[in-house]
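Presented below is the structure to which this report refers.
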Amino acid sequence: GQQLNQSPQSMFIQEGEDVSMNCTSSSIFNTWLWYKQDPGEGPVLLIALYKAGELTSNGRLTAQFGITRKDSFLNISASIPSDVGIYFCAGHNNNDMRFGAGTRLTVKP
Amino acid sequence: NAGVTQTPKFQVLKTGQSMTLQCAQDMNHEYMSWYRQDPGMGLRLIHYSVGAGITDQGEVPNGYNVSRSTTEDFPLRLLSAAPSQTSVYFCASSYGTGGNEQFFGPGTRLTVL
C-alpha cells in the first residue's frame, strides 16, 4: 500500500523558533495536504497543495509540494504556544487519502 | 452550519455486540468518509462514498459496513465488535467527489472489551 513517512515524530521548541517537518512516500500523489489536530478533536486542514513544485503560505505556515510528487514539507515560522498539537501530512489520489503518523509539536513559552 | 457531526462521542461495547456510529454533514458535500485513528499512527481510511447510493472500500474495510441513503448521512456499522476495533473513529466530508480537502468531525472514541 501507499505509505507516508513523516518526520520528525516529535519536536520540543522554544516560542519564537521556526519549525520544519516533512513527509516522504514511495508513491506519487496528486495532492498533498497538511492537517493539525488538537487533543480530543478532529484534524483541521491547514494547507492543500495541488501541483508539483507548488509553494503555498497560510499566515506563518509555508508548505511545498515536492517536484517528484513523492514528498512535501511544512514550515512554521515564529512559533507561538497555540501551535502546540499534532501535525499530519496526507497524500491524496482518486478518492483515497493516506496519512503520515504525525509530528507532535511542543512549544515552550 | 454545524459542519460534520458525530454521535456518540464515547462508546464501550462487549466483544460480539453490534452498533452504528452516526455521521451527518450540513454542507451539501458529495464526498464522505470514515477513518480510524490508533495511537502513534495516522488516520486510516475505512470506507468512503462519492454520493448518495455509492460506497467503496478504503484501506482497512474489514469488519465495517456503510451505506449512504442521503447526501447528509453516512453511518458506519460494526456487526460484531472485536477488541481490535478499539480506536477513535473520524468521519469527514468534502465538496465534490474527489475527497481532497476534507472537513473532519470531532470523533467517536470506541472501546471494545
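The values are calculated or read from the model by the stated rules, or taken from the named source; none is laboratory data. Note that the coordinates shown come from a computational prediction; the quantities given were computed from them, not determined experimentally. Cβ placement follows ideal geometry from the backbone for every residue including glycine, while neighbour counts extend to all protein chains displayed. Side chains included, ligands, DNA and RNA excluded: accessible areas come from the protein's heavy atoms. Shrake-Rupley method; radii C 1.70, N 1.55, O 1.52, S 1.80 Å.
Which positions within segment A:3-46 get 20 Å² or more of their accessible surface covered by the other protein chains, compared to the chain by itself, with a 1.4 angstrom probe?
A:Tyr35, A:Gln37, A:Gly40, A:Gly42, A:Pro43, A:Leu45
How high is the relative contact order of chain A? Use alpha-carbon pairs under 8 Å, at least six apart in sequence, and give a whole percent.
Over chain A, the number comes to 37 percent.
If we count every other residue with Cβ under 13 angstrom of A:Gly42's Cβ, Lys/Arg +1 and Asp/Glu -1, where does the sum land?
+2
Which residues belonging to segment B:81-112 lose at least 20 Å² of 1.4 Å-probe accessible area when the assembly is complete, relative to their chain isolated?
Residues losing area: B:Phe90, B:Gly98, B:Asn100, B:Glu101, B:Gln102, B:Phe104, B:Pro106.
Could you derive backbone 3J(HN,Hα) for segment B:41-48 from the dihedral phi with the Karplus parameters 6.51, -1.76 and 1.60 (θ = phi - 60°), listing whole Hz in sequence and x where the residue is Gly or Pro?
Here the 3J(HN,Hα) series is 10, x, 6, 10, 6, 9, 9, 9 Hz.
Heavy atoms only, probe 1.4 Å: what % of the accessible area of chain A goes to carbon and sulfur, would you let me know?
50 percent
Looking at segment A:11-109, which trypsin sites (Lys or Arg not before Pro) are DSSP coil and have at most 14 other C-beta atoms within 10 Å of their C-beta?
Answer by residue number: A:Lys51, A:Arg60.
Ignoring any ligand, DNA or RNA, what whole percent of the accessible area of chain B comes from carbon and sulfur when the probe is 1.4 angstrom?
52 percent
Just need the relative contact order of chain B here, percent rounded to a whole number, with Cα pairs under 8 Å and 6+ apart.
That works out to 36 percent.
Quick one: accessible area per residue over the protein assembly as shown, 1.4 Å probe, rounded to a whole number of Å²?
Using a 1.4 Å probe on heavy atoms only, each residue of the protein assembly as shown averages 46 Å².
Around A:Ile80, what is the net charge, scoring Lys/Arg as +1 and Asp/Glu as -1 over all other residues with Cβ under 15 Å from its Cβ?
-2
Consider a paramagnetic label point 7 Å from the Cα of A:Arg60 along Cα→Cβ; state which residues of segment A:1-29 have an amide N under 13 Å from it.
Hits in segment A:1-29 for A:Arg60 at 13 Å: A:13-20.
Just flag the GluC sites (Glu not before Pro) in segment A:16-109 sitting in loop per DSSP whose Cβ has no more than 14 other Cβ atoms within 10 Å.
A:Glu17, A:Glu41
Using only protein heavy atoms and a 1.4 angstrom probe, determine the accessible area buried between A and B, summed over both sides, in Å² to the nearest 100.
That pair hides around 1600 Å² of surface in total.
Near A:Ile13, within a Cβ-to-Cβ distance under 11 Å, what is the net charge of the other residues, with Lys and Arg +1 and Asp and Glu -1?
Residues near A:Ile13 contribute -3 overall.
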